[in-house]
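A.B. asks: Take a look at the following structure, please.
The values are calculated or read from the model by the stated rules, or taken from the named source; none is laboratory data. Remember, predicted model here, so these are calculated numbers, not experimental data. So basically every Cβ, Gly included, is an ideal-geometry build from the backbone, and we count neighbours across all protein chains shown. What goes into the accessible areas is simple: the full protein's heavy atoms, side chains included, and nothing from ligands, DNA or RNA. Shrake-Rupley method; radii C 1.70, N 1.55, O 1.52, S 1.80 Å.
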Amino acid sequence: FLAVLLIFSASPVFAKYASYVMDAETGRVIHEINADTRNYPASLTKMMTLYMVFEALESELWTMKTRLRISARAARQPSSKLGLKRGQTITVKQAMLALITKSANDVAAVVADATGTSPSPSLFFEQA
């Protein structure tokens, strides 16, 4: 029984953590652990998402009062989250605070939706 348990606990399907380091110039992978497993975004990812918000603010695409619309995909994100519902909106300022203090997965998805290459970005935000 212990051998079976060890086999399954070492399986990347059940991996709790993953890491990936790549040389940006050559594309050569230097280090990887569980690179192909499904893992929830870490807080560092949320910090990187904040940079997307900063760029949208700096380029004047958004203001702090711009309202970002919650997509069905964003509403389905796992914890940690605010519990936003599809069709609701959240201001950029509220999104920033949620990313900083709660590391909210649903808010990170909202920002990604709104800054992504959607066929119609107006579906995801309203200028206030």
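A.B. asks: State all residues of the range 43-75 that are in contact with a strand residue (DSSP E or B) (Cβ under 8 Å, 6 or more places away or on another chain) and either open to solvent by less than 100 Å² (accessible area, probe 1.4 Å) or more than 15 Å from Ala98 (Cα to Cα) (or both); if no residue qualifies, say none.
C.D. replies: Of the range 43-75, the ones in contact with a strand residue (DSSP E or B) (Cβ under 8 Å, 6 or more places away or on another chain) are 62, 64-70.
The answer is Trp62, Met64, Thr66, Arg67, Leu68, Arg69, Ile70.
A.B. asks: Right, Met48: closer than 27 Å to Leu84 by Cα, modelled with pLDDT of 80 or more and in contact with a Leu (Cβ under 9 Å, 6 or more places away or on another chain) or not? It would help to see each step written out before you state the result.
C.D. replies: Values: closer than 27 Å to Leu84 by Cα: yes; modelled with pLDDT of 80 or more: yes; in contact with a Leu (Cβ under 9 Å, 6 or more places away or on another chain): no.
Against the criterion (closer than 27 Å to Leu84 by Cα, modelled with pLDDT of 80 or more and in contact with a Leu (Cβ under 9 Å, 6 or more places away or on another chain)), Met48 does not qualify.
A.B. asks: Now for a separate question. Being surrounded by 11 or more Cβ atoms within 10 Å (Cβ to Cβ) and small (Gly, Ala, Ser) is the filter here; which residues of the range 16-42 pass it?
C.D. replies: Ala18, Ala35, Ala42
A.B. asks: Right, next: Go through the range 11-33 and count every residue that is at pLDDT below 90 and closer than 17 Å to Thr45 by Cα.
C.D. replies: Adding up the residues that qualify gives 5.
A.B. asks: Right, here's the next one. Return a yes/no flag: does the range 58-67 have any residue that is hydrophobic (A, V, I, L, M, F, W, C), in contact (Cβ under 8 Å) with a residue 24 or more places away in the chain and under 30 Å from Tyr17 (Cα atoms).
C.D. replies: So in the range 58-67, the residues hydrophobic (A, V, I, L, M, F, W, C) come out as 61-62, 64.
Checking which are in contact (Cβ under 8 Å) with a residue 24 or more places away in the chain leaves us with 62, 64.
Still in the running and under 30 Å from Tyr17 (Cα atoms): none.
The answer is no, given that none of the residues of the range 58-67 is hydrophobic (A, V, I, L, M, F, W, C), in contact (Cβ under 8 Å) with a residue 24 or more places away in the chain and under 30 Å from Tyr17 (Cα atoms).
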